[in-house]
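Structure, as structure tokens:
The values are calculated or read from the model by the stated rules, or taken from the named source; none is laboratory data. Every value quoted in this text rests on a predicted model; they were computed, and no experiment measured them. Note: ideal-geometry Cβ built from the backbone for every residue, glycine included; neighbour counts use all protein chains shown. Heads up: the accessible areas ignore ligands, DNA and RNA and are worked out on the full protein's heavy atoms, side chains in. Shrake-Rupley method; radii C 1.70, N 1.55, O 1.52, S 1.80 Å.
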2 protein chains.
Amino acid sequence: VSESRYERILDLCKRRGFFFQSAEIYGGVAGFIDYGPAGARIKANIINLWREMFIDSFPDLIYEVETPVITPEQIFKASGHVDHFTDPIVRCPSCMRFFRADHVLEEQGIPAGNITEAELMSYYDKGVKCPSCGATLGKPERFNLLFKTTIGPYEATTGYIRAETAQGIFTLYKRAYEVLREKKVFGLAQIGRVGRNEISPRQGPLRLREFTQMEIEFFFDPINISCVAQFENLLAEHLTLLTEGSQKVVHETVQEAVNSGTVSNLYMGCLMALGQRFLVQLGIPEENFFYLEVPKKNLPHYSRQTWDLMVKVDRWGWVEVAGYSYRGDFDLKSHAQHSGEDLSAYRAYDRPVMKEKVNVTWDPKVLRGKYGTRTGEIIDALKLLKPDEVLEGMRNGFVVAAGQKISISDLTIKAEVEKEYGERFVPHVTEPSFGVDRILYALIDTGFMEREGRIVLRVPRRVAYPQVGVLPLVKRDGLDALAKKKVEEIRRYGFTVTYDEDGAIGRRYARLDEIGVPVAVTVDYDTLRDGSITLRDRDTWNQVRVKGEDLEDALCRFLRLNAQLSELGTPFTSQGENT
Amino acid sequence: VSESRYERILDLCKRRGFFFQSAEIYGGVAGFIDYGPAGARIKANIINLWREMFIDSFPDLIYEVETPVITPEQIFKASGHVDHFTDPIVRCPSCMRFFRADHVLEEQGIPAGNITEAELMSYYDKGVKCPSCGATLGKPERFNLLFKTTIGPYEATTGYIRAETAQGIFTLYKRAYEVLREKKVFGLAQIGRVGRNEISPRQGPLRLREFTQMEIEFFFDPINISCVAQFENLLAEHLTLLTEGSQKVVHETVQEAVNSGTVSNLYMGCLMALGQRFLVQLGIPEENFFYLEVPKKNLPHYSRQTWDLMVKVDRWGWVEVAGYSYRGDFDLKSHAQHSGEDLSAYRAYDRPVMKEKVNVTWDPKVLRGKYGTRTGEIIDALKLLKPDEVLEGMRNGFVVAAGQKISISDLTIKAEVEKEYGERFVPHVTEPSFGVDRILYALIDTGFMEREGRIVLRVPRRVAYPQVGVLPLVKRDGLDALAKKKVEEIRRYGFTVTYDEDGAIGRRYARLDEIGVPVAVTVDYDTLRDGSITLRDRDTWNQVRVKGEDLEDALCRFLRLNAQLSELGTPFTSQGENT
């Protein structure tokens, strides 16, 4: 086998139907993948695990919503994507090919990952060669990554395929705030497809033009941050952090990282801890992930602070599987401005505040008699006087309007004191944003093992698909019929299951190992006699013998509670690895 | 309340966050809806139920796959959508508005639902008035409903937002056939978003420009149809069918309907029976659904027979929630032709067949000596001779090529008999295609009840969200803290749960009823003493008292096994409906 491990992984994924290039029969399209029977369901299981850990675990705090993929233009104008969601593109004047300008530099050994626009331009000013034909490339431009379409017949409205599920959440925030009876702190989650029209996607399954996001927009009052009860058990969790400019990771509890200002708010810290727990559940070892702070100069236009959750994969090194951004009030403010709707929330004061209200009126004739042609200008200025200025004016005997002292005797001023119980404010937002497809890849990369010339895919039991393989020792003497009954029985217990009777038992174990089926149930001649069956563990190849009536319990403990195989029955002399 | 029931349903959906118009703060976009916290999760639960019933129930027979929303042009060219996926559109020359030409006729009382193109045109030839300004409308044209975009930078490839998930399945069929080791009969399922650029969508949640499909493409050999074991229990199920031209529904078993030719193949019949079971699980009464045969003249371009699964909803009458089409070999043949790939499957003969193979060669010089300038033409014709023609030639002493008798003595003919064990063929396909959004609407419409001036939403327990509401009788004396502990406990049992402490208990029950929470758990002073709690049934408003340690079991029986509330504990004198 002379191929690299990465090539063997891709070969497995194609051959056994995890994922492969889309539209394969038409030669494929870069940046799109299809999921086959083995992969689609593991992906769905990852999504359901996330839903359980990030949504269902927080009743009355985090809620799921769903908005369309096709989005009217206004929304991505307000979000800043029409203006800012671009990558630098450069065309070769000779061979006419397009390249992503920063990637060209990186391929030529210039570290352009965190480069600014000005720095990038200065390289191209000095001349950069075309990676394809060697001619000198032109000046980079900005290429917008939104997929564009039109909604409705002919001249219609412009629409975009959403580049993030987040904007759908922001535009329904007002409705959700009302539905949730003006909750003070809450998160809205969305799971769905997004499109990003990458200039020239490489990195196979890691840089896709269409992928699935799982996002939460967590809304809160920035001046009243206190830990919600449901997050309390996350405060003492240790985060693995690599801060901007630092050379080594630190381990700090959420509480420490927030207190020191390393992580910009408490909710972000708690959700970061949850992100780590999620990866651990997915079988990613702790030494294979950390949070990387995005340098200030490279922050997306909406972000005050961003932490990328990085996972190590064999071929590509550290890759980002989630981004945590503190979006502040950027999005709600911008949508409020563009839509004209009030997207604020209400903040009650601890105790009512006394506010002086003043109301200034005047007789225009009196003013005109004194100030002539300047009167209009003065009246405009009077309208803009702040309460404090008026109150000060009452003490001084005059106010200043358009640079002119106006005697308070020429004005009618009514001042009164009112109780105010609270005020309106635009909530701030912390966002965890996960990419499901990269997580699935990381999980396959992490689980890919080779043992005695075979492939064993150690995907975690709770997201594996199918969960159970049922095999008759041989395809005769009623063992096959009995095994098929077991399939039906196991399915009724709520597990996904597959049956295989073709070929030697050893070959069949190997086939199950390759797609990561955690446990095999083998039906043999003793099963005919006493109902007992063999369970075989994918990871250790160990086998135990279990009574027929204990099968459901054994599978539950193994697949749901992560029990060791040895706890489930009596050791059984291995049958079949080499047959 | 002077609004119609439909308006009250829409009001509920908006007010409590089931669904509402997308981009509401921007004035909305026709044909798109957002799902809020109450709706998004019920939708996900419907999808998971379908996945369980249509995929997981059939291990090694039906598999899930996932392909992108954005699809390269070739695929929708091959599928016929670029040419045929159109609606008739007409523009008013006076007010310049666009209308769907058949809908204009329907609004003017002409039954145009099943009209042919020619019939439609003849109405417009006679003159149809604009519904908006009254001017005479022009000639209808065909408007293509595919949303168009471009993939890659600038001049790039054309792409479409898929109009059905099916085409993604057909284009990965070859890969799946290999991955599944050349299985003879299997289904590939896909759940995902699709877009259809409707001309002027009305009917609120029923005619959407973007919605979620759940589809299965079920592949089989049309000349070797026999019931797969896993479908056997469906054969005796009764289908409710309204065949083309018939005035009343008939009830036939799947087996009868297939034998009589009413339903065009066995797999379609079985999957239709499953569709009925699915609706029953969703609480749709049997009298509220039936299968309607689509008239031959209105069949989509790919279909040999289509049955629409119709469900009754209050405002719109009978609406299609699923379409079952027998697509024959249309799609695979067309993709094979457009891609140049072999998309056939292998059919083994019952016993090997003897086939005579003949091989004809010649010496060009000999032929040239006899036929001069005609030789080239004759050789081309000789190459195309069929085995039968050669064998007949051997008997006659000559073959005919390009109109010329050629003596077999001028040819070298080798004939031999070969055993053939099978042949290749293009599989046929039966497709059930469900629209999730319409099903969700049907379920809300069916479950919407009004009782004593309140709304009770009777969504089935297994898809309701949340499943359990926890209420302290009052918000003091530790009842609230104890109730919060119950929330955590119930969540750990695997149920979705909500907590409410605000306001009188009766108001809180009413709020839970409105969003369809099937059961409320109430914590009162007796709970403090002995741990017992009250369960209240949304549908009957009855209450029972249950011991604390029996809570998990009671909830499992009520929510998963559909037990009656009265079976779960001792009757409890109602507390709180009017407080």
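With a 1.4 Å probe rolled over the protein heavy atoms of all chains, the accessible area of A:Ile55, B:Ile413 falls in the order B:Ile413, A:Ile55, largest first. Two decimals is fine: what is log10 I(q)/I(0) at q = 0.11, 0.16, 0.18, 0.24 Å⁻¹ for the range A:1-82, from a Debye sum with one equal scatterer on every Cα and no solvent? Result of the Debye calculation: -0.57, -0.93, -0.97, -1.07. The loop-placed trypsin sites (Lys or Arg not before Pro) in the range B:462-541, going by DSSP, that have at most 10 neighbouring Cβ atoms within 10 Å of their Cβ come out as B:Arg476. Annotation: average projected area of chain A is 38.7 square nanometres, based on the convex hull of Cα atoms across all directions.
For the protein assembly as shown, DSSP calls about 90 percent of its internal beta bridges antiparallel. Where the centre of each part is set by its Cα atoms, how far does the range A:346-374 sit from the range A:29-57, in angstrom? Result: 59 Å between the Cα centres.
Averaged over the residues of peptide B:165-175, the number of Cβ atoms from other protein chains lying within 10 Å of each residue's Cβ is 3.
Sparsely packed loop sites in the range A:199-291 (the trypsin sites (Lys or Arg not before Pro) outside DSSP H, G, I, E and B with at most 15 other Cβ atoms within 10 Å) comprise A:Arg202, A:Lys248. Taking chymotrypsin sites (Phe, Trp or Tyr not before Pro) across the range B:79-170, the ones in a DSSP loop with at most 14 further Cβ atoms lying within 10 angstrom of their Cβ are B:Tyr154. Dimensions of the range B:493-579 from C-alpha coordinates, computed as largest minus smallest value along each principal axis and given longest first, are 30, 29, 22 Å.
The chain B residue nearest the rotation axis shared with chain A, using its Cβ and rounding the distance to whole Å, is B:Thr149, 2.
Chain A: longest stretch without exposed GluC sites (Glu not before Pro) (DSSP loop, at most 10 other Cβ within 10 Å), sites themselves excluded? Longest run free of exposed loop sites: A:183-451. If R0 equals 56 Å, the separation of the Cβ atoms of B:Met449 and A:Ala156 corresponds to a calculated FRET efficiency of about 0.85. Think of it as helices only: each DSSP H run of n ≥ 4 in chain A is worth -39500 (n - 2.57), and spread over all residues that comes to -9000 deg cm²/dmol at 222 nm.
Label-point distances for B:Tyr349 to the equivalent site in the other copies, using a point 7 angstrom along Cα→C-beta, read 9.5 nm when ranked shortest first.
At a Cβ-Cβ separation cutoff of 4.7 angstrom, cysteine residues of chain A with no neighbouring cysteine are A:Cys13, A:Cys227, A:Cys270, A:Cys556. Taking every pair of alpha-carbon atoms in the range A:65-222, give the share separated by more than 18 Å as a whole percent. The share of Cα pairs beyond 18 Å in the range A:65-222 comes to 67 percent.
Stokes-Einstein, applied to the Kirkwood radius of the protein assembly as shown over Cα pairs at a viscosity of 0.692 mPa s and 37 °C, places its translational diffusion at 96 µm² s⁻¹.
Distances between equivalent label points of A:Arg557 across the copies, with each point positioned 7 Å along Cα→Cβ, amount to 2.7 nm, shortest listed first. Taking Cα atoms only, the orientation of helix A:266-281 departs from the longest principal axis of chain A by about 10 degrees.
Placing a label point 7 Å from Cα along the Cα-to-Cβ axis, A:Thr116 is separated from the same position in the other copies by 7.1 nm, shortest listed first. Averaging the Cα positions of each part gives two centres, and for the range A:236-278 and the range B:440-492 these lie 36 Å apart. Treating r as the C-beta distance of B:Lys365 and A:Asp502 and R0 as 51 Å, the FRET efficiency rounds to 0.40. Think of each Lys and Arg Cβ as +1 and each Asp and Glu Cβ as -1; about the Cα centre, that makes the dipole of the range A:336-391 roughly 280 debye. Against the main long axis of the alpha-carbon atoms of chain A, helix A:387-396 sits at an angle near 30°. Solvent-accessible area lost on pairing A with B (1.4 Å probe, both sides summed) amounts to about 7200 Å². The angle between the Cα long axis of helix B:5-15 and the longest principal axis of the Cα atoms of chain B comes to about 80 degrees, rounded to the nearest 10.
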